[in-house]
Amino acid sequence: MADIGVGLVGYKFMGRAHSNAYRQVGRFFDVDPAPRMVAICGRNEAAVREAAEQLGWEGYETDYNALIARDDIGLVDVSTPGDTHREVVLAALAAGKHVLCEKPLANSLAEAREMMDAARQAGVVAMVNFNYRRVPAVQVAQKLVADGRIGEVRHWRAVYLQDWINDPSFPLVWRLRKEVAGSGALGDIAAHVVDLAHFVVGPIAEVVGTMDTFIKQRPLETESGGGAGLSAAAGQEMGEVTVDDATTFLARFDSGVTGTFEATRLAPGRRNYNSFEVNGSNGSIVFNQERMNELQVYFADDPDGLQGFRTINVTDASHPYAANWWPAGHILGYEHAFVHAVKDLMDGIKAGQTPAPNFEDGFRCQAVLAAVEQSAANHAWVEVERP
Ligand code: SOE
């Protein structure tokens, strides 16, 4: 079996999730090439050296240019905040490396278009990691819709609700600063349900939306928290929050389907409530990431007297990816979708074909985000730019 050297830029939340995926994929799936964890990269040498040891990397780099220049690296994984996606991805593509870039693709539509065009020119595999596409229950939902099992699709309804910044004393971490994150709930979590909408229903044509910031000042962080990067120590000095806490928007799809979206990080009790419902002429489907091994389905052609939403336990061997893990009912977690993404990425590299979502899909998502921002500023419907 061949292998491919991987260089991972970023060692915090996404760096840990991606490291786990590279470590696990060959133990549960047949992959050829298999990823070889050559080096992880970060500017803080003490921190990235520790991460290399803890996460299972052969070595580390403190400069992404040095990582990209290595002959033993054929795949560059960009798992940093959005303000560095463009520069690292363009450098990796120019060096002829395959690329996996975390969502959202970029911090602006102009950057996303530049990256999409560069990927088209580079002739390598260039994939965006929207991890929820690879939750087995989401794959089942997408296939039920594609197979016409719920008939003509009429409505898409999605919410992504979190509460990790509901406390006003939570510090001003990078996800709350526009110059780093690009936007707040819009790019961080609405991006996920926009991508899922594209995956399950199809392209979005136009949107009208709002963006709001409820907590406008927060204490500056004194040191960034470990782990998922969703915690940090706060100081006394205050700073301006420059991104949205929440966004809501309506959408019309190319197909005529109506869409409603809400994303906020100020919904107490909602830890990671990424949920969608799709209604068709013959039924409905509901997914909830907090119950990610289940899918709620309603079919209008069920026998009279027996109609109602029922729960599919999406852990049977016949379900996507499930046969490679545990027996039915033993369930998967958040990290498994990243392993599935790396499995499909390895297959894509073997075939010379980028698995969805590719950079065009990443651009499509970015175009919706940009349209929502424009709509929120102009209080008007905005057409979504095309690739
Ligand atoms: C924080 O909102 C966050 O970590 C997002 O950045 C991730 O994309 C999402 O999967 C979980 O929540």
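The values are calculated or read from the model by the stated rules, or taken from the named source; none is laboratory data. Given the structure is predicted, the values throughout are model-derived calculations rather than measurements. Glycine gets a Cβ as well: all are built from the backbone with ideal geometry, and neighbour counts include every protein chain shown. With ligands, DNA and RNA removed, areas are computed over all heavy atoms of the protein, side chains included. Shrake-Rupley method; radii C 1.70, N 1.55, O 1.52, S 1.80 Å.
Of all residues in region 103-151, count the ones that are basic (K, R), outside any loop (DSSP other than H, G, I, E, B) and touching a His at 6+ places or on another chain (Cβ under 8 Å). Outline the logic, then answer.
Of region 103-151, the ones basic (K, R) are 103, 113, 120, 133-134, 143, 149.
Subset that is outside any loop (DSSP other than H, G, I, E, B): 113, 120, 133-134, 143.
Of the ones still in play, those that are also touching a His at 6+ places or on another chain (Cβ under 8 Å) are 134.
Total meeting the criteria: 1.
Can you name every residue in region 356-387 that is under 20 Å from the mean Cα position of the chain (by Cα), open to solvent by 20 Å² or more (accessible area, probe 1.4 Å) and not aliphatic (A, V, I, L, M)?
N358, E360, D361, R364, E373, P387
Does R86 fit the bill of being buried (at least 21 other Cβ atoms within 10 Å of the Cβ), in the same structural domain as Y11 (by TED's automatic domain parsing) and in contact (Cβ under 8 Å) with a residue 12 or more places away in the chain? Outline the logic, then answer.
Values: buried (at least 21 other Cβ atoms within 10 Å of the Cβ): yes; in the same structural domain as Y11 (by TED's automatic domain parsing): yes; in contact (Cβ under 8 Å) with a residue 12 or more places away in the chain: yes.
Spelling it out, R86 is indeed buried (at least 21 other Cβ atoms within 10 Å of the Cβ), in the same structural domain as Y11 (by TED's automatic domain parsing) and in contact (Cβ under 8 Å) with a residue 12 or more places away in the chain.
If the Cβ limit is 7 Å and pairs must be 6+ apart or interchain, which residue in region 349-360 that is closer than 13 Å to I4 by Cβ pairs with which residue that is surrounded by 15 or more Cβ atoms within 10 Å (Cβ to Cβ) and modelled with pLDDT under 95?
Cβ pairs passing all conditions: none.
Testing N20 on (1) surrounded by fewer than 20 Cβ atoms within 10 Å (Cβ to Cβ); (2) within 16 Å of the ligand (Cβ to nearest atom); (3) within 22 Å of G362 (Cα to Cα), one condition comes back false. Which one is that?
Only one criterion in (1) surrounded by fewer than 20 Cβ atoms within 10 Å (Cβ to Cβ); (2) within 16 Å of the ligand (Cβ to nearest atom); (3) within 22 Å of G362 (Cα to Cα) is unmet by N20, namely (3).
May I ask you to say which residue of R36, R27 is open to solvent by 30 Å² or more (accessible area, probe 1.4 Å), basic (K, R) and assigned to a helix (DSSP H, G or I)?
Numbers: R36 fails: assigned to a helix (DSSP H, G or I).
On inspection, the qualifying residue turns out to be R27.
Residues that are within 16 Å of the ligand (Cβ to nearest atom) and either of a type in the set (K, R) or surrounded by 12 or more Cβ atoms within 10 Å (Cβ to Cβ) (or both), at least 3 per element: which strands (runs of 3 or more DSSP E) completely within region 251-333 meet that? Outline the logic, then answer.
On the way: elements: 258-264, 273-280, 283-288, 294-299, 310-313.
Once the strands (runs of 3 or more DSSP E) in region 251-333 are filtered for at least 3 residues that are within 16 Å of the ligand (Cβ to nearest atom) and either of a type in the set (K, R) or surrounded by 12 or more Cβ atoms within 10 Å (Cβ to Cβ) (or both), what remains is 258-264, 273-280.
I'm told G96 meets every condition in (1) assigned by TED's automatic domain parsing to the domain that holds G283; (2) in contact with a helix residue (DSSP H, G or I) (Cβ under 9 Å, 6 or more places away or on another chain); (3) not in a helix (DSSP H, G or I) except one. Can you identify the failing condition by its number?
So the condition that G96 fails would be (1).
With the requirement that a residue be within 16 Å of the ligand (Cβ to nearest atom), modelled with pLDDT of 70 or more and open to solvent by 30 Å² or more (accessible area, probe 1.4 Å), what does region 216-231 give you?
Taking region 216-231 first, the residues within 16 Å of the ligand (Cβ to nearest atom) are 218, 221, 224-231.
Then drop every residue that is not modelled with pLDDT of 70 or more, which leaves 218, 221, 230-231.
The answer is E221, L230, S231.
Taking region 162-187 on its own, how many of its residues are without any contact (Cβ under 8 Å) to a residue 60 or more places away in the chain and open to solvent by less than 30 Å² (accessible area, probe 1.4 Å)?
Filtering region 162-187 down to residues without any contact (Cβ under 8 Å) to a residue 60 or more places away in the chain leaves 167-168, 173.
Keeping just the survivors that are open to solvent by less than 30 Å² (accessible area, probe 1.4 Å) gives 173.
Counting residues in region 162-187 that are without any contact (Cβ under 8 Å) to a residue 60 or more places away in the chain and open to solvent by less than 30 Å² (accessible area, probe 1.4 Å) gives 1.
I'd like to verify a number: residues in region 130-152 that are open to solvent by less than 30 Å² (accessible area, probe 1.4 Å) and more than 16 Å from the ligand (Cβ to nearest atom), how many? Steps first, please.
Let us first name the residues in region 130-152 that are open to solvent by less than 30 Å² (accessible area, probe 1.4 Å), namely 130-138, 140-141, 145, 150-151.
With the extra rule that they be more than 16 Å from the ligand (Cβ to nearest atom), the set shrinks to 136, 140-141, 145, 150-151.
Summing the residues that are open to solvent by less than 30 Å² (accessible area, probe 1.4 Å) and more than 16 Å from the ligand (Cβ to nearest atom) in region 130-152 gives 6.
Go through (1) open to solvent by 20 Å² or more (accessible area, probe 1.4 Å); (2) in a loop (DSSP other than H, G, I, E, B); (3) within 16 Å of the ligand (Cβ to nearest atom) for V159 and report which single condition fails.
(2)
Taking only region 173-214 into account, find how many residues are away from the ligand (no atom under 15 Å from the Cβ) and not in a helix (DSSP H, G or I).
14
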